[in-house]
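The values are calculated or read from the model by the stated rules, or taken from the named source; none is laboratory data. Since this is a predicted model, take the numbers as computed values, not measurements. Methodologically, a virtual Cβ is constructed for each residue, glycine included, from the backbone with ideal geometry; neighbour enumeration extends over all protein chains shown. Note: areas computed on protein heavy atoms with side chains; ligands, DNA, RNA excluded. Shrake-Rupley method; radii C 1.70, N 1.55, O 1.52, S 1.80 Å.
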Amino acid sequence: MKNEIKIAITAIVCIAILIVGINFLKGINIFHGTNSYYVKLKNAKQLAVSNMVYANGYPVGSIREIDYQYEDNSSVVVLIELDKNIRLPKGTTASLETPLMGGVIMHLILGQNPADLMTPLDTIIGNETLGAMDQLSAMMPAIERMIPKLDSILTNVNRLTGDPALQQTLANAAEITENLKHTSAKLDRMMADELKGTLQNAETLTGNLAKVDVDGTVNNLNATLTDARTLVGQLQRTMEDVSRQLNGTEGTLGALMNDRTLYDNLNHTVQSADSLVTDLKAHPKRYVHFSVFGKKDK
């Protein structure tokens, strides 16, 4: 009897361990409290029981059941178990994504109002989201249409790259680039030489300016200006003397210019001389007598 009890207890323990192990492999911790929610989807996309459920990229639960709605053939209801500490705001939705490596993952997109929460066993609306494989499948028709064009483009590219004219053009471009490089180097050297010469000339000019006796030059200039002022003063005094002599009656010039009688006499003399010359021209014999045979006695 004791052996049977031991066998029964052992069997129960093994079954319990098996259940715990199976749930552990499914990602279910039976010793941790959970809350269940329903997710209504139009397409389960090969979603499987025990697949993980993520919120903001963090695993928060797993898939427990998947039921197809045979009544209306329009949706799939999925029962998920989430950690009891997670709070789902109202407006939370679920989306399925197909990773590149395969499988299906459910993501919860949490609502915006953390104060208005859903209660366990509420229904979450699911949205279909294209994963990497789905997007690649959607792009395949376009890729297939592009392949012939790509082949034609590659053929043209190969023909162009194999054209001797293109090779010659590239060679000419390389030669021009090399010539430009040498020309640029020569120009740099010329500019450096010109700049060096300019700097040397500037240094020479600066040295010459430094050697100039500025004080001596200024003193000479001041002396010249003083002499000029003295000369101007002398000219002014001379002009004043001339003006005084012209305006006065003491000097010869003043007497000639200011004596009316002398002016009248000179004028009368000039008129008499003019009358004499006129009469001399009219009657020269009155004043000049000459004879080839000598003077006759009257």
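Structure values in brief
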| quantity | calculated |
| --- | --- |
| Projected label distance in nm at residue 40 and residue 140, using a 7 Å step from Cα toward the beta-carbon | 3.3 nm |
| Residue 232/residue 203 FRET efficiency (R0 35 Å; Cβ-Cβ; nearest 0.05) | 0.20 |
| Solvent exposure ordering (accessible area, 1.4 Å, most first) of 283, 182, 107 | 182, 283, 107 |
| Förster radius 30 Å - calculated FRET efficiency between residue 122 and residue 17 (Cβ-Cβ, nearest 0.05) | 0.30 |
| Whole-number D in µm² s⁻¹ for region 80-127, Kirkwood Cα-pair radius fed into Stokes-Einstein, 37 °C, 0.692 mPa s | 279 µm²/s |
| Solvent accessible area, Å² - residue 218, 1.4 Å probe, full protein context | 70 Å² |
| Using a Förster distance of 22 Å, the FRET efficiency for residue 153-residue 174 (Cβ separation, nearest 0.05) | 0.30 |
